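Q: Mind looking over this structure? Questions follow.
All of the numbers you see were taken from the coordinates with simple rules; none came from a lab. None of the values given here were measured: they were computed from a predicted structure. Positions of Cβ are backbone-derived with ideal geometry, glycine not excepted, and every protein chain shown enters the neighbour counts.
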Amino acid sequence: MSLYLFRRLNLLVFTLFMLAMASFGLAWLFPGDYLTNLTGVHFDTPEQRELFAALYKENEGVFWQFMAYLEMLWQGQWGQSFSSGQPLFQEILTTLPASIELSAYALFISLAVGIPLGFISGLKHNKLTDYSILSFSLVGYSIPVFWLALLLILVLSLQLGWFPISGRISLLYDIPPQTGFILIDILSSDLPYKWDAFTDALEHLVLPTLSISIVTSTIILRITRRSVIEVMSSEYIKAATAKGLNRTQVILRHGIRNTIIPIMPQLALQFTTLLTNAMIVESIFSWPGIGNWLLQAIYQGDYPAIRAGMLAVSSLVVIFTVFIDIIHKIIDPRRLYRQRVKI
């Protein structure tokens, strides 16, 4: 296990290194001065440019320039935005929690809906219940995320008036940012209108969360269904049944755990899908996340923000993927053993 953790951490560091290299390369590919694309500073005088050129080792070759860039990244000096003039690292810390919060809640809903329906569909394999659930999942999977978001706004917001159209919380409430996660910030505050603000924030979460969780729910449903079918037809399930255990006991003792374990590696892939869909949904619902921020940067030609946003989102996905993989190995060490046997 120690060797496995060492290998995974090495892979994580190497991948982050390659992402930083790609981010550095973007500064050369974007139009304009590469040093301006790295720093976000429009140099007014030659002396000012020489100062930053010395800081980024412009005259010492590409390798040392990249080393200087890595040092700046490590120190949190990611440059500044063309449009706002604010430090990019600070803007990412402000917008990224909103996207993580939206994706995390959507993932929770996807698991809460997809896994139970997948179990029911798998246990009722080739029956009417199975076909009905698969039909609904096919419809949910086929609907484009942006179209579903607009449909939810039209029906649940404009026609029925149940939920707000856009934003993260009503302008009536002033919530001091602490963690960047709006629900946590509200609950940890001592404001007299805390519970009203909490309810309002939940109402703002409903439509964007539903928009991106429906597609993911159908994917998790199908993965769970396939896993249930494979587990329930395995030899050890047949042996447990032959020992006298009824169907409920077999499912509770052997079926659930052995079905859930193969699903875990898929969570990292679904989190990536959720983040991608969240970037689309954020622009529709005016959600102040990193996806909406990146789209605005693209529209405005804010090259330093595009470079930094790409690096931040990619790094988050890589870290989450490695973390899920490590958790999976801890829960199911047999997989590590099987890999050794194959080698």
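Q: Considering only the other residues whose Cβ falls under 12 Å of the Cβ of V322, what net charge follows from Lys and Arg at +1 and Asp and Glu at -1?
A: Values: positive: R7, R8, K329; negative: D325.
The answer is +2.
Q: Tell me, K124, K329, K238 in order of fewest to most beta-carbon neighbours within 10 Å?
A: Values: K124 16, K329 19, K238 12.
Sorted ascending by nearby Cβ count, the order is K238, K124, K329.
Q: Sorting check: for 37-46, 219-228, which peptide has the highest mean count of neighbouring beta carbons within 10 Å, and how do the rest follow?
A: On the way: 37-46: 16.3, 219-228: 22.6.
Per-residue mean Cβ counts within 10 Å order the peptides as 219-228, 37-46.
Q: Further, regarding this structure: Given the -39500 (n - 2.57) contribution per DSSP H run of 4+ residues, what per-residue ellipticity at 222 nm results for the chain, rounded to the nearest 500 deg cm²/dmol? Please list the in-between numbers first.
A: Values: 15 runs with 254 residues, N = 343.
Mean residue ellipticity at 222 nm (helix-derived): -25000 deg cm²/dmol.
Q: Sticking with this one: The chain: percent of C-alpha pairs farther apart than 24 Å?
A: Numbers: 38777 of 58653 pairs.
The share of Cα pairs beyond 24 Å in the chain comes to 66 percent.
Q: A further question on this structure: Give the cross-link partners of K243 among the lysines, using a straight C-alpha distance below 24 Å as the criterion and excluding same-chain residues fewer than 8 apart.
A: Reachable lysines: K124.
Q: Can you list the GluC sites (Glu not before Pro) in segment 194-297 that are in a DSSP coil and have 11 or fewer other beta carbons within 10 angstrom? Spell out each step's value before the answer.
A: Details: sites: E203, E230, E235, E282; in loops: none.
For GluC sites (Glu not before Pro) across segment 194-297 that sit outside H, G, I, E and B with at most 11 neighbouring Cβ atoms in 10 Å, the list is empty.
Q: Starting at the first residue of segment 299-313, write each ³J(HN,Hα) from the Karplus equation 6.51 cos²θ - 1.76 cosθ + 1.60 with θ = phi - 60°, in whole Hz, x for Gly and Pro.
A: Couplings: 4, 8, x, 8, 5, x, 5, 4, 4, 5, x, 4, 5, 5, 5 Hz.
Q: What is the calculated FRET efficiency for M67 to M310, with r their C-beta to C-beta distance and R₀ = 22 Å, to the nearest 0.05? Could the numbers behind the result be given before it?
A: Working: r = 20 Å, r/R0 = 0.93.
The computed FRET efficiency comes out at 0.60.
Q: How many nm separate the modelled label positions at L138 and T199, each set 7 Å beyond the Cα in the direction of the Cβ?
A: Here the answer is 4.3 nm between the modelled labels.
Q: If you don't mind, another one. What lysines could a cross-link reach from K238, if we take a straight Cα to Cα line under 16 Å and drop same-chain neighbours fewer than 8 places away?
A: none
Q: Quick one: if the Förster radius is 30 Å, what FRET efficiency do I319 and N59 give, using the C-beta to C-beta distance and rounding to 0.05? Mind dumping the intermediate values first?
A: Details: r = 35 Å, r/R0 = 1.15.
Computed FRET efficiency for I319 and N59 comes out at 0.30.
Q: Something else now. So what are the ³J(HN,Hα) numbers for segment 127-138, from phi and the Karplus equation (6.51, -1.76, 1.60; θ = phi - 60°), rounded to whole Hz, Gly and Pro as x?
A: 10, 4, 4, 4, 5, 5, 5, 5, 5, 5, 5, 5
Q: Related question: What size of dipole, in debye to the nearest 20, comes out for segment 5-73 about its Cα centre when the only charges are +1 on Lys and Arg C-beta atoms and -1 on Asp and Glu C-beta atoms?
A: Working: 4 positive and 7 negative charges, 114 e Å.
For segment 5-73, the charge dipole is close to 540 debye.
Q: If you don't mind, there's one more thing I want to ask. I need the phi-derived Karplus couplings for segment 161-168: 6.51 cos²θ - 1.76 cosθ + 1.60, θ = phi - 60°, integer Hz, Gly and Pro marked x.
A: These are the phi-based 3J(HN,Hα) values: x, 7, 10, x, 6, 8, x, 9 Hz.
Q: Related question: Charges only on Cβ, +1 for Lys and Arg, -1 for Asp and Glu: so what's the dipole of the chain about the Cα centre, in debye to the nearest 20?
A: 2640
Q: With unit charges on the beta carbon (Lys/Arg positive, Asp/Glu negative), name the residue among I220, L191, G244 whose Cα is farthest towards the positive pole of the charge dipole of segment 172-254.
A: The Cα lying farthest towards the positive end belongs to G244.
Q: Say we join alpha carbon atoms closer than 10 Å with springs in a Gaussian network model of the chain; which of F181, F89, F14 then has the biggest fluctuation?
A: Sorting by GNM fluctuation, first place goes to F14.
Q: Quote to one decimal, in nm, the extra length available between V13 and Q75 on full extension: 0.36 nm per residue of separation minus the C-alpha distance between them. Before the final figure, lay out the partial values.
A: Numbers: separation 62, 0.36 × 62 = 22.32 nm, distance 1.67 nm.
Between V13 and Q75, full extension yields 20.6 nm more.
Q: If r is the Cβ-Cβ distance from Q90 to A242 and R0 is 41 Å, what FRET efficiency results, to the nearest 0.05?
A: Details: r = 63 Å, r/R0 = 1.54.
Calculated value: 0.05.
Q: Suppose every Lys and Arg Cβ carries +1 and every Asp and Glu Cβ carries -1, with no other charges. What dipole size does segment 158-270 come out with about its Cα centre, to the nearest 20 debye?
A: Numbers: 10 positive and 8 negative charges, 212 e Å.
The calculated dipole for segment 158-270 is roughly 1020 debye.
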